[in-house]
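The values are calculated or read from the model by the stated rules, or taken from the named source; none is laboratory data. Keep in mind it's a predicted model, so treat the numbers as computed, not measured. So basically every Cβ, Gly included, is an ideal-geometry build from the backbone, and we count neighbours across all protein chains shown.
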């Protein structure tokens, strides 16, 4: 069984590795509902109880999928979901929206889709520059008092936003992209999280597939959003694949999978870190969970740090629109 880790100082405890559910709703090509539900059930059986979703995944259908899968297993799961986008009737993103009334409406709708009476961890998905973060934190605090939410989180937030929000309603976790592949948090965000006692939940901990050593740009389905990722474009892809060879080489020497090595590196960065690799296949789930048992010595950690230092990857991590939503 997976060990547990604490996120923040408010009492939230989750499995050391979670499960990102976004890809079960076609962000990475077609998904099979029956297999996705089987993955969720298997995750719980393996002790992986930290399940990550959001209203915008689909939109809406990912939360509904999770609600269906957990109908008779709710007490075994820790559900994280998110608010913060304006979603058009056509299902596209129409900008950010963290107005208090909107937050309350989103939470009520998410609870119905999830078939539950509370969300364990509620994140602001992206910082809304039009709404003071103090109002956002206060609204989530009210939802916590009402019993609809248990803990408060932020996603892709910068240091000033985190500090201001935490002063109003304690933040249990910050979710951001972080991996050997993307180390932008190390200069300021991670030191702040350590200072304030806030957990870090890295999404895309396998570098959107690069760190598994198995992804090929030409093989991506037409509706896979990574086709729009600058790091998958043109010469960037080949340069980045070359940068990741050290992960594959060290994994081969240790007799583990490259993705497992990448997760083990993250877990070794601190016990306040809980990565949420996404998958929609049981075989990959088992590999990810097994990474919690892999130990890296100082020499191995130093080899990985030296091979993939901050800023070593070619290309922006998002296109211009999505990069503009990151609060840094």
Residue check: is residue 215 outside any helix (DSSP H, G or I), without any contact (Cβ under 8 Å) to a residue 24 or more places away in the chain and buried (at least 17 other Cβ atoms within 10 Å of the Cβ)? yes
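I'd like the residue in segment 54-69 that is touching a residue at least 40 places away in the same chain (Cβ under 8 Å) and buried (at least 21 other Cβ atoms within 10 Å of the Cβ) and, out of all such residues, is farthest from residue 123 (Cα to Cα). Outline the logic, then answer.
The initial filter retains those residues of segment 54-69 that are touching a residue at least 40 places away in the same chain (Cβ under 8 Å), namely 54-56, 60, 62-68.
Those still in the list that are buried (at least 21 other Cβ atoms within 10 Å of the Cβ) too: 54-56, 62-63, 65-66.
Values: 54: 9, 55: 11, 56: 12, 62: 16, 63: 14, 65: 19, 66: 17 Å.
Checked segment 54-69; the qualifying residue farthest from residue 123 (Cα to Cα) is 65.
Kindly provide the set of residues from segment 113-136 that are without any contact (Cβ under 8 Å) to a residue 40 or more places away in the chain and surrounded by fewer than 24 Cβ atoms within 10 Å (Cβ to Cβ), ordered by number. Walk me through how you get there before you give the answer.
Quick first cut of segment 113-136, residues without any contact (Cβ under 8 Å) to a residue 40 or more places away in the chain only: 117-118, 129-136.
Answer for segment 113-136, where residues must be without any contact (Cβ under 8 Å) to a residue 40 or more places away in the chain and surrounded by fewer than 24 Cβ atoms within 10 Å (Cβ to Cβ): 117, 118, 129, 130, 131, 132, 134, 135.
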Is there a residue being surrounded by 15 or more Cβ atoms within 10 Å (Cβ to Cβ) and touching a residue at least 60 places away in the same chain (Cβ under 8 Å) anywhere in segment 70-81? yes
Within segment 274-298, which residues are in contact (Cβ under 8 Å) with a residue 12 or more places away in the chain, outside any helix (DSSP H, G or I) and surrounded by fewer than 22 Cβ atoms within 10 Å (Cβ to Cβ)? 281, 294, 295, 296
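Any chance segment 186-206 includes a residue that's part of a helix (DSSP H, G or I), more than 21 Å from the chain's Cα centre (by Cα) and either crowded, with 18+ Cβ neighbours inside 10 Å or free of Cβ contacts under 8 Å to residues at least 40 places away in the same chain (or both)?
Applying the first criterion (part of a helix (DSSP H, G or I)) to segment 186-206 yields 189-196.
With more than 21 Å from the chain's Cα centre (by Cα) added as a condition, the list becomes 195.
Remaining after also requiring either crowded, with 18+ Cβ neighbours inside 10 Å or free of Cβ contacts under 8 Å to residues at least 40 places away in the same chain (or both): 195.
Yes, segment 186-206 contains a residue that is part of a helix (DSSP H, G or I), more than 21 Å from the chain's Cα centre (by Cα) and either crowded, with 18+ Cβ neighbours inside 10 Å or free of Cβ contacts under 8 Å to residues at least 40 places away in the same chain (or both).
Among residues belonging to segment 99-112 that are out of contact with any strand residue (DSSP E or B) (no Cβ under 6 Å at 6 or more places or on another chain) and closer than 22 Å to residue 134 by Cβ, point out the one that is surrounded by the fewest Cβ atoms within 10 Å (Cβ to Cβ).
First, the residues of segment 99-112 that are out of contact with any strand residue (DSSP E or B) (no Cβ under 6 Å at 6 or more places or on another chain): 99-102, 104-105, 107-109, 111-112.
Okay, now just the ones that are also closer than 22 Å to residue 134 by Cβ, so 99-102, 104-105, 107.
Details: 99: 16, 100: 15, 101: 9, 102: 18, 104: 17, 105: 13, 107: 22.
Step by step, filter segment 99-112, then rank; the result is 101.
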Filtered residue count, segment 50-75, keeping only those that are touching a helix residue (DSSP H, G or I) at 6+ places or on another chain (Cβ under 8 Å), closer than 15 Å to residue 38 by Cβ and not in a strand (DSSP E or B): 6
Filter segment 80-123 down to the residues that are over 12 Å from residue 149 (Cβ atoms) and assigned to a strand (DSSP E or B) and list them by number. 85, 86, 87, 93, 94, 95, 96
Can you find a residue that is surrounded by fewer than 21 Cβ atoms within 10 Å (Cβ to Cβ), part of a strand (DSSP E or B) and at pLDDT 95 or above anywhere in segment 10-17? yes
Do the conditions hold for residue 325, that is, is it out of contact with any helix residue (DSSP H, G or I) (no Cβ under 8 Å at 6 or more places or on another chain) and buried (at least 18 other Cβ atoms within 10 Å of the Cβ)? yes
Just to be sure I understand, how many residues within segment 304-322 are crowded, with 17+ Cβ neighbours inside 10 Å and not in a loop (DSSP other than H, G, I, E, B)? 1
Looking at this structure, is residue 328 in contact with a strand residue (DSSP E or B) (Cβ under 8 Å, 6 or more places away or on another chain), modelled with pLDDT under 95 and either under 24 Å from residue 189 (Cα atoms) or part of a helix (DSSP H, G or I) (or both)? no
Looking only at segment 240-247, decide whether some residue is surrounded by 22 or more Cβ atoms within 10 Å (Cβ to Cβ), in a loop (DSSP other than H, G, I, E, B) and modelled with pLDDT under 95. yes
Every residue in segment 252-273 that is in a helix (DSSP H, G or I) and free of Cβ contacts under 8 Å to residues at least 24 places away in the same chain, please. 252, 253
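Hey, among 183, 126, 164, which residue is over 15 Å from residue 272 (Cα atoms) and in contact with a strand residue (DSSP E or B) (Cβ under 6 Å, 6 or more places away or on another chain)? Lay out the reasoning, then the answer.
Working: 183 fails: in contact with a strand residue (DSSP E or B) (Cβ under 6 Å, 6 or more places away or on another chain); 164 fails: in contact with a strand residue (DSSP E or B) (Cβ under 6 Å, 6 or more places away or on another chain).
Just one listed residue meets the conditions, 126.
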Which one of these does residue 159 not meet: (1) surrounded by fewer than 22 Cβ atoms within 10 Å (Cβ to Cβ); (2) under 24 Å from residue 278 (Cβ atoms); (3) in contact with a helix residue (DSSP H, G or I) (Cβ under 8 Å, 6 or more places away or on another chain)? (2)
